[in-house]
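J.: Here it is, the structure, as structure tokens.
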Amino acid sequence: MNKKLRNELIARANHAKETSYSPYSQFRVGAAVLTDDGTIFEGCNVENASYGLAICAERNAIFQAAHAGKRKITAVAVTSDEKTFITPCGACRQVIAEFADGSTDIILSTKEGKSKIVKFEKIFPTPPKLEKLKKK
Ligand SMILES: [Zn+2]
């Protein structure tokens, strides 16, 4: 991935973070996903008074991509207000696996602008898949 695209995805994740609805944790997260046709979708975390109903920024962005008819994700950028990198949670890794493969770039970035890219296979090496059950 070239640096310009990487920076664009980080900027879009930061933009998404600004709309985070996190009144309970104050833990703002933003994500941006890149689909195989070059479209970028943003998502923020959205909390709920019934805590378990919260949705992560990554899944929010991915579901918007799916709603737009996109089925292949080539990169996911994630950012927060932390000084250290945060990584997608287990639920998000499973959802990423539905639309991505091991070569998908996971772009981690911090509030201060540090970033790094890890391949998806490094953080989720053996995703369960149900290819046999897929109709399309
Ligand atoms: Zn998550």
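The values are calculated or read from the model by the stated rules, or taken from the named source; none is laboratory data. Keep in mind that this is a model prediction, so the values were computed, not measured. In this analysis, Cβ positions are derived from the backbone assuming ideal geometry, glycine residues included, and neighbour counts consider all displayed protein chains. The accessibility values were calculated without ligands, DNA or RNA, using every heavy atom of the protein model including side chains. Shrake-Rupley method; radii C 1.70, N 1.55, O 1.52, S 1.80 Å.
J.: Looking at the square roots a ≥ b ≥ c of the eigenvalues of the Cα gyration tensor of the chain, which shape do they give, rounded for a/c under 1.5, prolate if a/b is larger than b/c, or oblate? It would help to have the intermediate numbers written out before the result.
T.: Details: a/c = 1.58, a/b = 1.20, b/c = 1.32.
Because a/c hits 1.5 or more and a/b fails to exceed b/c, the chain counts as oblate.
J.: Show that you can apply the helix-only estimate: for the chain, add -39,500 (n - 2.57) for every DSSP H stretch of four or more residues, divide by all residues, and state [θ] at 222 nm to the nearest 500.
T.: Details: 4 runs with 40 residues, N = 136.
My calculation for the chain gives -8500 deg cm²/dmol from helical runs alone.
J.: Follow-up question, since we're still on this one. Accessible area of the chain with a 1.4 Å probe: how many percent of it is carbon plus sulfur? Before the final figure, lay out each step's value.
T.: Details: 4220 of 7720 Å².
Here carbon and sulfur together make up 55 percent of the probe-accessible area.
J.: Along the charge dipole of region 1-70, pointing to its positive end and built from +1/-1 on Cβ of Lys, Arg, Asp and Glu, which listed residue (G69, G52, T39) has its Cα farthest out?
T.: It is T39.
J.: Sorted by accessible area with a 1.4 angstrom probe, largest first, how do F85, F99, F120, F63 fall? Mind dumping the intermediate values first?
T.: On the way: F85 65, F99 40, F120 5, F63 100 Å².
Putting F85, F99, F120, F63 in descending order of accessible area: F63, F85, F99, F120.
J.: Sticking with this one: Can you list the lysines whose alpha carbon sits under 26 Å from that of K129, skipping same-chain ones fewer than 8 residues off?
T.: K70, K72, K119
J.: Here is a further query. Between A13, A68, A57, where does the largest GNM mean-square fluctuation fall for the chain, given springs only between Cα atoms within less than 10 Å?
T.: A68
J.: Of all DSSP beta bridges located in the chain, what percent are antiparallel, nearest 5? Working shown, then result.
T.: Details: 18 of 24 bridges.
Expressed as a percentage, antiparallel bridges in the chain total about 75.
J.: How charged is the neighbourhood of A68? Take every other residue with its Cβ under 14 Å from the Cβ of A68, and add Lys/Arg as +1 and Asp/Glu as -1.
T.: Numbers: positive: K70, R71, K72; negative: D36, D37, E42.
Result for the local shell: 0.
J.: How many Å² of accessible area per residue for the chain, probe 1.4 Å? Please list the in-between numbers first.
T.: Numbers: 7720 Å² over 136 residues.
Per residue, the chain has 57 Å² of solvent-accessible surface.
J.: Also, I was wondering about something else. Under 12 Å Cα to Cα from K116, which aspartates and glutamates show up? Leave out anything in the same chain fewer than 8 places away.
T.: Filter leaves D105.
J.: Calculate, for E131 and T39, the FRET efficiency according to 1/(1 + (r/R0)^6) with r their C-beta to C-beta distance and R0 22 Å; round to the nearest 0.05.
T.: Numbers: r = 25 Å, r/R0 = 1.12.
The formula returns an efficiency of 0.35 here.
J.: Relative contact order (percent) for the chain, with alpha-carbon contacts under 8 angstrom and 6 or more residues of separation? Each step should come with its number before you reach the end.
T.: Values: 275 pairs, mean separation 26.3, N = 136.
Relative contact order here is 19 percent.
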